[in-house]
Amino acid sequence: MSTTTHTESAGPSSGEQKLDPIRTRRRFRRILIVVGAVFSIALVAGFIPQLRQRQTATADTKELAIPTVAVVSPISNTSGSGLNLPAEVKPWQEASIFARVNGYLKSWLVDIGAHVEKDQLLAEIDTPDLDQQLAQARSQAKLAQKSLDQAKSTNTKWQDLFHQGVVSELDSENMATSQATNQANTEAFAANLRFLEQEVAFKRVTAPFPGIITIRNVNVGDLITANNTSFEMFHIQQTDPLRVYFRLPQSDTPQITVGQTFDVQVGAQSAKTYPGKVSSTSGAVSPDSRTMLVELQVDNSKNEILPGSYATVRVPASVLGKMLLLPDNTLIFRGKDQQVGVVDDKGVVQLRDVKIGRDFGVQSEILSGVTESDKVIVNPSDSLTTGTTVRVAAATPTGSPSPEVPKK
């Protein structure tokens, strides 16, 4: 009984021993799975931040590679207070007086600053050679006239004799030819006499119009050479009225009409202004400056304005059109061309050639190349090229208030 009981009790124990390796392998397998999962989680948890950090660094590098620029839009200004333009004061008419005859200066009667009238005597020239030629021409003209009178008388007699049959037809024709020849000689000598008499009249140097003598280059005894344009005897200017010339920008030319009145200020320090009426315009725009020449007529009956003076013309706001202004620090100077950098909606730069008009110190007038809606780069770098991508930091909207255009 005891033996049987021992055998039965040992049977289950042996089955359990067979199950232990299987459980051990299962447990080991679970441990491996857990360890692998933990390792994978640790690997993923460490790799993802590094990947993100690298991506962030790459993005930051790309961002830093794109330059940031400030932009401004061209300002449309109507010059509400008007505009001062430089002008030039010129006499109504002026003339340089030269000699027309050879000789020596006998006397001069007016000096610089003298007010003279039309045909007033300025100087006299002594012309001994011309006087002799005139005397000879008079004698020749007188002799030719005598010869003509004799030829006429002779021809009349020969024609009568020819009709009477006393002389031949050939002789009568010769007498008629002799009369015609003497007639031509007489006319030639008379023409030469008239020419010399006109030349002698130039011994008296007179004023061609009323005005002021501004130059006198002659003294008594000076050798005078006819038609010598390098030796000006006198210079005369008519100073009442005066002509004032100034140039108006092309954009403002449609508003100019003959008869308009502008204020003319003479002298940089003078506060006095004079009314100037538009007498004419050039009727064309200069291709060099894109401006039109305007002429004003200014009364100078009191002789307060000197020809050649510096002047400014005040153009009212009603005449001026709109103009585009850009700060000077937006301009790029490369060679002979002036450019600006314009940024489009995608942040791509385009270099454009611009035409500069008036310079107002910190701003310049832009005649062509940009519009009010363009975004222009401020302080562009020297390496800026077309196609460069930039980031816009700030922009000044078109139509924002701008400082008043400074007076010139």
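At q = 0.10, 0.15, 0.23 Å⁻¹, what base-10 log of I(q)/I(0) does the Debye formula yield for region 74-157 when every alpha carbon is treated as an equal point scatterer in vacuo? Reported log10 I(q)/I(0), two decimals: -0.63, -0.85, -1.17. Maximal additional length on extending the Lys302-Glu232 stretch stands at 22.4 nm, based on 0.36 nm per residue less the C-alpha distance. The shape of region 127-178 can be summarised by an equivalent ellipsoid whose semi-axes, obtained from the alpha carbon gyration tensor, come to 37, 8, 4 Å from longest to shortest. Within a Cβ distance under 14 Å of Val220, other residues only, what is the Lys/Arg minus Asp/Glu net charge? Residues near Val220 contribute -2 overall.
Note on region 305-386: Cα convex hull, mean projected area over all directions, 7.8 nm². If you average the alpha carbon positions of region 321-359 and of region 274-318, how far apart do those two centres end up, in angstrom? If we compute the Cα centre of each part, the gap is 31 Å. For region 145-225, how big is the tail of P(r) above 20 Å, as a whole percent of Cα pairs? Summing the P(r) of region 145-225 above 20 Å gives 61 percent of all pairs.
Using a probe of 1.4 angstrom and keeping all protein chains present, the accessible surface of region 301-344 works out to 50 square angstrom per residue. Full extension of the chain between Ser373 and Gln183 yields a length gain of 59.7 nm, computed as 0.36 nm times the residue separation minus the alpha carbon distance.
The values are calculated or read from the model by the stated rules, or taken from the named source; none is laboratory data. These numbers were taken from a predicted model, which means no experiment stands behind them. Quick reminder, even Gly has a Cβ in these numbers, built from the backbone with ideal geometry, and neighbours come from all protein chains shown. Ligands, DNA and RNA are excluded from the accessible area calculation, which covers all protein heavy atoms including side chains. Shrake-Rupley method; radii C 1.70, N 1.55, O 1.52, S 1.80 Å.
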